Amino acid sequence: SFSRTIYVGHRPCPDTEAFIPSKFCDNRIVSSKYTVWNFLPKNLFEQFRRIANFYFLIIFLVQVIVDTPTSPVTSGLPLFFVITVTAIKQGYEDWLRHKADKEVNKYPVTVLEDGRSVKKESEKIKVGDVVEVVEDETFPCDLILLQSSREDGTCFVTTASLDGESNHKTHYTVPDTEKDLQALTATIECEQPQPDLYKHNLPFLSLGPENLLLKGATLKNTKKIYGVAVYTGMETKMALNYQGKSQKRSAVEKSINAFLLVYLCILISKAVVCTTLKYVWQSKEGQDEPWYNQKTQKEKDSNMYLKMFTDFLSFMVLFNFIIPVSMYVTVEMQKFLGSFFITWDKDFFDPEIQEGALVNTSDLNEELGQVEYVFTDKTGTLTQNNMEFIECCIDGFQYRYRDTQSELDGFTVTDGPVNKLQQKKEELFLRALCLCHTVQVKEAGSEVLADQVDGIDGLLLQPEEERGFIASSPDEIALVKGAMKYGFTFLGLESKSMKIKNRQNDIEEYKLLHVLNFDPVRRRMSVIVQTTSGETLLFCKGADSSIFPRVRPEEVDRIRMHVERNATEGYRTLCVAYKQLSAEEYAMADTGLREARLALQDREEKLMAMYNQVEMGMSLIGATAVEDRLQEEAAETMEALQGAGMKVWVLTGDKMETAKSTCYACRLFQRGTELLELTVRTLEDERLKRDEKLHELLQEYHRKAVQDAPPVKAGVTRSWSTANQDYGFIIDGATLSLVMNPPRDADASQYKSLFLQICQNCTAVLCCRMAPLQKAQIVKMVKNSKGSPITLSIGDGANDVSMILEAHVGIGIKGKEGRQAVRNSDYAVPKLKHLKKLLLAHGHLYYVRIAHLVQYFFYKNLCFILPQFLYQFFCGYSQQPLYDAAYLTMYNICFTSMPILAYSLLEQHTSIEILLDNAALYREIANNAMLRWHPFLYWTVLGIFQGLMFFFGVRFLFSNPALQDNGQVFGNWSYGTIVFTVLVFTVTLKLALDTRHWTWINHFVIWGSLAFYVFFSFFWGGIIWPFLKQQRLYFVFANMLSSVSAWLVIIILILLSLLPEILLVVLRKPRGPHSRQVYFSLPFPLLSLNSSFLPYPSYFLIFSLIYILFCSSFILHHVLTRCDVTQSQPITRYLKLYSYVKQWLVSLLVAGLH
Amino acid sequence: MMASSYNAKDEDAVGSGGPGAVKSKKPDNTAFKQQRLPAWQPILTAGTVLPAFFMIGLIFIPIGIGLLVTSNNIKEFEIDYTGVDMFSPCFNCSQNYSWNSTSACTCSVPFTLDQPFESNVFMYYGLSNFYQNHRRYVKSRDDSQLNGDKSSLLNPSKECEPYRTSDKKSIAPCGAIANSLFNDTLELFYIHPNGSRITIHLVKTGIAWWTDKHVKFRNPGGNNNLSIVFQETSKPVNWHKAVYELDPSDPENNGFINEDFIVWMRTAALPTFRKLYRIIQKKKDNMTPTLPPGNYSLEVTYNYPVRSFDGRKRMILSTISWMGGKNPFLGIAYITVGSVCFFLGVVLLIIHHKYGNRNNNADIPN
């Protein structure tokens, strides 16, 4: 059904048919994912949904079931470790969520039941319950206000934690209801829950949004209220506005998965090749089962196809190390440990709140280095949400308040003489400030200081006057307080009369006749008051653009200059004008206004026309400048972000004017920026309907910003293209929903894509009047746009939660508006300014570290397993491992894991200071630069090259296995050990070459793991281990070291493997801050393309090196074949293989050059 | 090690999180936590790499030449005695092969050494197309049995299948490797120019790794008489004699610690391999070469069949240098790498001089 019926107090209405107690959900909030019972299966299921975990599970099962060359422990143990650690981590996080939910659900509330107040837990509230809420409590569910302790049937509410608007909103009780709630029987019909915060349709009687109190909002300034619950639990607007916390995956993880697939293909093709060749080889007589190597009876009996399959699986297991399970462990560890550097950073420590940064998810560290779009909240994020009256301009003279001077004389003219006339103007201006507003005075005696957001702290200076102000806009309060500082104090509004205490401490009284309310289209408001002397005055304040046409032009020029200067400084400016109304004029206005208010049709238009008529021919008194103080270093931060190539979008629930001035203040919009506005105001058009106008505007803006704009290279922003016109885009919530869900026939996707294209070509975008879900919608739209850019949301309030959750990275500010944003964020910092270091330094470093980590892991496992693959060609495809089981297991766990872990935690390829000073460095890693296919190919080629070197280098050495000076020979385990030694040293030294930042830890770990390898090998080979079935490595390592040839081959292979790398490091075009170092680069024109991670000629070099190597091996073989004729037969076979490989390489080389 | 220190810190943080805690949450200002550890920041530049290239070139080329010369000075003689060819002396033996034949087939292969072999000469047998590195083969052994473990002697590992038991007795030594022990007997005679055959003394010890012979391989203890120790066991099916009869003359070279057996048990890396068979020690007088040039005869007791898998058998005589047997690979590799490095050094130097400065200047304005 489309509506729900609610029986107030569960009492059926007498006149309706039957009381049908409908089923509504209870008031429980559930944000947790697991329960005790479903944790294990659900968590395991989710973990094994990850492609990697599933793969390792399969490998493990194969090892358990099939006779494989390696034991199941080698893959089972790491897998178990990974799964357990992840499960514990996720379990802990869910436990925290359970705890938070419980706190909310068990919160005690008072419910009226049969005339008695009953204390209940919040979760027990049912729809239809009458709930009592006292001051400063948050509403436990969505309520319809029935009764308030205030006489006028109103209550004040702040929705700071919902939409970030910290001002007090007035809500009204349902008119004409029974005063005795016990006797009240009523039904409420309302629509089914929907998430839009600003849209309520309560069709029955006069119920509207002003009667609905939302869960999460806080009662202010009202002792207590009674309300009936209409939406509870997960159906409240707040809960509906929350989105489930989806598991965020970083782009790096996506790259890993892509690489994983490549390696999986390599793995499978390796296994297929080996299996095929095995059966080809076996088909030759005498090869499969020579007399010296008979099969067991079981093997003989088994089915041929089954055997082929198990052979395939065995090869898979043998080569499965190519997909490193340890990489996942290391990545997890790197992320977990690495995130401590964020919490530890003392630059993120804010002495005010005595807290530093907080890391909720360590999964996204590297994503901080990849951000392309920053979505920021305004209130509390860009600004401190703390309005302050800065200066005013009266009749062309500028007045600035000086703190240092005494209260009364504080009002000083900084650029003009003071004379009598001036004095009069001054006072008129201040009276206007005191009268022209809708501010209410908060009664003294109640807890004044509670409301810090409205800036009551300013009043702390005057303890004797504990007076707070309440207004729908903090600007008004700032103005009233500004006037107070200069001697005119607004005392309050009592029965239509406003009282002002003037400089002489006299009380002036004015009769309030009319309030011409503020609205965003008119952008001004006025009051009509009557002085005690009977004069009728109209005071009007508003945006300059709406005031200037309504005053005498000669007055404008004097003030315009000030206003413009103030606006560019980022202050919120308002102009103040007044007009004296003659009795006739007033009478006309009065009747006109009254008529318009009572009009049944087109009331809005009529009122508007009347307002316009009244606010004419005024005279300008002055202008004010109010500062919504920006957060510390907000402008610098925004500039740095833009310099780093990020696009900043401001998403706010606030008014457009306010937001716009903030954007100017933050230098997101600059003086030269042409603003493209798409708001309710610009859509107002007499000729066209709204959607037609929208279409027209979209087309126009698109032409301007996209089509006419010269093609700009990606990543190049303002600083690079100063010649071009900058565009800023402004849109508001209502228009956005028009764009997203256009009415009727309009083409939805077309609007959306037009909008997106315009936005992407603008340097900054401002979206105002956004509901939380709309913020998320925008983030989602950008996130899913072409190229799927990485998005970051930063906000401080509950209204930002949905966008924080939606963006790739969500940052919470530990601001004044509660902790919801922090709780739902991935990272939380105390201040906006910390974002700069978080992204430019930490994010950049994390990205470089983890990208290198991932590439290195794939590389080191490729050159680890490639020799083992090649060995199959020499051992009859029998799945004989080249390395001992201990080496196979320890390689990733002990010998090569610590250096890369240390690297991935400590590396600073560029120092933090330089990263912070040169925001443009951030662009170098944009678009996942280090994990694209290009660098991946480079690492893969390197791995293959080194794997080939290791294997064939030792292979040539072993053409005569008599390697010791006593004529004794080496066997297969010596072969493997030599290869393995070269391997361990090469990959470790390769990392050493890559390390740009050698701390003692790096030294310790790199040299330590090499030493450990040597030590371990001695130790492992030095003892007959009773638990081992075979003593394969007994004294193999020691014997290897006693052979000079082995030493020599190890040295040359390490050197040769690293040679291309050293060459590349030297040849690589110097980047960034080191450019002053003595570098040189090849004269190839291709090298000047420094956008690519590695220039193409590098490939040329690698390929030519491999080519040289193979040519020399070819020559070598000629020599060898001449030396010993008797060995000719197997050697021709190898020669064939080499010529094959050579051909392949040559063709690759040719392809690479093209 | 690092993880634990992190964890400790974490607990601290949790402890101070309570409302009562006065301790500030301000992060410690330590170099490690602030990522300001003193660090060495090496940058490979032309200035550091160029000398390295020249150094490598200058060091490697002489080493390579030395290695190549050494390798070339090693005398090596190799002869295939498989008997595939109709006219080769062992053709008959290779044809009439059967495991059960009681009478040994012998053949004599004449050969000539053109050059004298000085110092100790090492005699190898070589096999081709013999997959000692096949997985089924490599794992088919029981090292604890070979180490003298009594229980393994009577109950060998399953890995030895199908060479684990015969006639309901456990096989000692079990497994495919032991079963296929190379059992040709090679003897060497020098044909004196006057026609007399002089037996060349072949030493059969010192051919296995010392640690293998003395630690890894042990005869089961309990009795000095090996035939009693092994009486519960059966000989490998392809063997003509039991393990305790491998070298009855020398108790230190009999049973599991027979060096021919140990050498065979070290599985070769590649399907074409050589294994040390005997050592011909240099003459005491040092005046005459160990093997003077001239005619020799290799007497083969042909027991080992290789024709079924298309294998080859060789006898190799070789002298040995400090780097082992003859292998020009290392020398060539060192010379090649040394020259490549030198060449690269020169090229880079030219580039550096030609373009380095210009690029450098161009960078500074940035």
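Out of everything in the range A:487-501 that is hydroxyl-bearing (Ser, Thr, Tyr) and either modelled with pLDDT of 85 or more or open to solvent by less than 80 Å² (accessible area, probe 1.4 Å) (or both), what residue ends up being nearest to A:Val529 (Cα to Cα)?
A:Ser497
Considering (1) in contact with a Leu (Cβ under 9 Å, 6 or more places away or on another chain); (2) touching a residue at least 24 places away in the same chain (Cβ under 8 Å); (3) crowded, with 18+ Cβ neighbours inside 10 Å, say which one B:Ser152 fails and leave the rest.
(2)
So, in the range A:334-361, of the ones that are closer than 23 Å to A:Asn53 by Cα and surrounded by fewer than 20 Cβ atoms within 10 Å (Cβ to Cβ), which residue ends up farthest from the other protein chains (Cβ to nearest Cβ)?
Result: A:Thr361.
Out of (1) open to solvent by less than 90 Å² (accessible area, probe 1.4 Å); (2) over 13 Å from A:Leu44 (Cα atoms), what's the single condition that is false for A:Glu103?
A:Glu103 satisfies all of (1) open to solvent by less than 90 Å² (accessible area, probe 1.4 Å); (2) over 13 Å from A:Leu44 (Cα atoms) except (1).
Here are the criteria: (1) modelled with pLDDT under 80; (2) surrounded by fewer than 17 Cβ atoms within 10 Å (Cβ to Cβ). Tell me which single one A:Ile58 does not satisfy.
Only one criterion is unmet by A:Ile58, namely (1).
Which ones in the range B:228-258 are within 14 Å of chain A (Cβ to nearest Cβ) and either at positive phi or open to solvent by less than 10 Å² (accessible area, probe 1.4 Å) (or both)?
Within the range B:228-258, B:Pro236, B:Phe256 qualify.
Counting just the residues of the range A:1056-1069 that are more than 7 Å from chain B (Cβ to nearest Cβ) and open to solvent by 10 Å² or more (accessible area, probe 1.4 Å), which one comes out modelled with the lowest pLDDT?
A:Lys1069
Would you check if A:Thr568 is open to solvent by 60 Å² or more (accessible area, probe 1.4 Å), at pLDDT below 80 and hydroxyl-bearing (Ser, Thr, Tyr)?
Considered against the rule, which asks whether it is open to solvent by 60 Å² or more (accessible area, probe 1.4 Å), at pLDDT below 80 and hydroxyl-bearing (Ser, Thr, Tyr), A:Thr568 comes out as yes.
With the checklist (1) modelled with pLDDT of 80 or more; (2) surrounded by 18 or more Cβ atoms within 10 Å (Cβ to Cβ) in hand, flag the one item A:Ile29 doesn't pass.
(1)
Looking at B:His192, B:His134 in this structure, which one is on the phi < 0 side of the Ramachandran plot and at the interface with chain A (Cβ under 9 Å from one of its Cβ atoms)?
B:His134
Give me the helices (runs of 4 or more DSSP H) completely within the range A:876-919, filtered to those with at least 2 residues that are under 26 Å from A:Phe1016 (Cβ atoms) and within 13 Å of chain B (Cβ to nearest Cβ), ordered by residue number.
A:897-906
Would you point out the residue of the range A:502-519, among those that are surrounded by fewer than 17 Cβ atoms within 10 Å (Cβ to Cβ) and in contact with a helix residue (DSSP H, G or I) (Cβ under 9 Å, 6 or more places away or on another chain), that is nearest to A:Leu435 (Cα to Cα)?
Ranking the qualifying residues of the range A:502-519, first place goes to A:Leu512.
Return the residues of the range B:282-317 that are of a type outside the set (Asp, Glu), within 11 Å of B:Thr82 (Cβ to Cβ) and outside any strand (DSSP E or B); say none if nothing qualifies.
Of everything in the range B:282-317, those that are of a type outside the set (Asp, Glu), within 11 Å of B:Thr82 (Cβ to Cβ) and outside any strand (DSSP E or B) turn out to be B:Tyr304, B:Pro305, B:Val306, B:Arg307, B:Gly311.
Can you name every residue in the range B:275-325 that is surrounded by fewer than 19 Cβ atoms within 10 Å (Cβ to Cβ) and free of Cβ contacts under 8 Å to residues at least 40 places away in the same chain?
Within the range B:275-325, B:Lys283, B:Lys284, B:Asp285, B:Asn286, B:Met287, B:Thr288, B:Ser308 meet the criteria.
Working only within the range A:467-483, note down all residues that are at pLDDT 75 or above, in contact with a His (Cβ under 8 Å, 6 or more places away or on another chain) and open to solvent by 10 Å² or more (accessible area, probe 1.4 Å).
Hit for the range A:467-483 is A:Glu476, nothing else.
Could you list all residues from the range A:1027-1043 that are modelled with pLDDT under 85 and more than 7 Å from chain B (Cβ to nearest Cβ)?
Within the range A:1027-1043, A:Phe1027, A:Leu1028 meet the criteria.
For the structure I just gave you, tell me whether A:Leu839 is over 26 Å from A:Val374 (Cα atoms), open to solvent by less than 10 Å² (accessible area, probe 1.4 Å), among the hydrophobic types (A, V, I, L, M, F, W, C) and modelled with pLDDT of 90 or more.
No.
Across the range A:931-987, which residue is nearest to the chain's Cα centre (by Cα) among those that are among the small types (Gly, Ala, Ser) and open to solvent by less than 20 Å² (accessible area, probe 1.4 Å)?
A:Gly943
Might you check whether a residue that is within 16 Å of A:Asp544 (Cβ to Cβ) and assigned by the TED database to the domain that holds A:Glu684 occurs anywhere in the range A:636-655?
yes
Please report, ordered by residue number, the helices (runs of 4 or more DSSP H) entirely within the range A:582-670 with at least 2 residues that are under 48 Å from the mean Cα position of the chain (by Cα) and under 22 Å from A:Glu391 (Cα atoms).
A:634-643, A:656-665
Name every residue in the range A:672-699 that is modelled with pLDDT of 75 or more, over 16 Å from A:Ala734 (Cβ atoms) and not in a helix (DSSP H, G or I), in order of residue number.
A:Gly672, A:Thr673, A:Glu674, A:Leu675, A:Leu676
The values are calculated or read from the model by the stated rules, or taken from the named source; none is laboratory data. Being a predicted model, the structure only gives us computed values, none of them experimental. In this analysis, Cβ positions are derived from the backbone assuming ideal geometry, glycine residues included, and neighbour counts consider all displayed protein chains. Side chains included, ligands, DNA and RNA excluded: accessible areas come from the protein's heavy atoms. Shrake-Rupley method; radii C 1.70, N 1.55, O 1.52, S 1.80 Å.
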